[in-house]
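Each remark here refers to the structure printed beneath this line.
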Amino acid sequence: MLVVACDLPWLDGATVGAVLAAARSGDGVDADAVVARADRLEPLLSWWSPAAIDHLRACFAGGERAVHVALRGLTVVAVDVAPSAVRNVNRPEDLRTGPTR
C-alpha cells in the first residue's frame, strides 16, 4: 500500500516513483516499509507491505498514533528524496513561501 499525506503540494511523480521502485526492487524485498527520507524519515510518503499490518494494528490498538513511532520494530528501507518534494504545508504562509524555503 502506498501512503501519501495530503499536505505535500510539491510532491512529484519522480519522488513517488523512487519509493515505489525501491519497494519493487531487491532493496525493499524484505522490508515491512519503504520510506522517503529527506532531512529525516518521511513516513507519510511510504510503501507498506501487508506483512506490517499486525504490527501496525498492535501499535494503534495500544494508542500509538505517530506513524514514525509505529515504524519501530519493523524492517524499513529509506529512499533519499529531495527535501523540497516532501515539504509539508501546515499553514497558508507555508504555501506562499514555496518548496525551497
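Rounded to the nearest 20 debye, the dipole size of the chain about its Cα centre is 220 debye, using +1 on the Cβ of Lys and Arg and -1 on the Cβ of Asp and Glu. By DSSP, the beta bridges lying fully in the chain are antiparallel in about 60 percent of cases. Report summary: the helix-based calculation at 222 nm, which adds -39500 (n - 2.57) for every DSSP H run with n ≥ 4 and divides by the residues of the chain, gives -8000 deg cm²/dmol.
How big is the convex hull of the Cα atoms of the chain, per residue, in Å³? Intermediate values should be presented prior to the final figure.
Details: hull volume 9.7 nm³, N = 101.
Cα-based convex hull of the chain, divided per residue, equals 96 Å³.
Just the number, please: carbon plus sulfur as a percent of the accessible area of segment 19-87, 1.4 Å probe, no ligands or DNA/RNA counted.
On the way: 1970 of 3740 Å².
So the carbon and sulfur contribution to the accessible surface is 53 percent.
The values are calculated or read from the model by the stated rules, or taken from the named source; none is laboratory data. What you see is a predicted model; the values in this text were computed from it and never measured. Virtual Cβ from ideal backbone geometry, glycine too; neighbours counted across all protein chains shown. Each accessible area value is taken on the protein alone, full model and side chains, heavy atoms only, with ligands, DNA and RNA left out. Shrake-Rupley method; radii C 1.70, N 1.55, O 1.52, S 1.80 Å.
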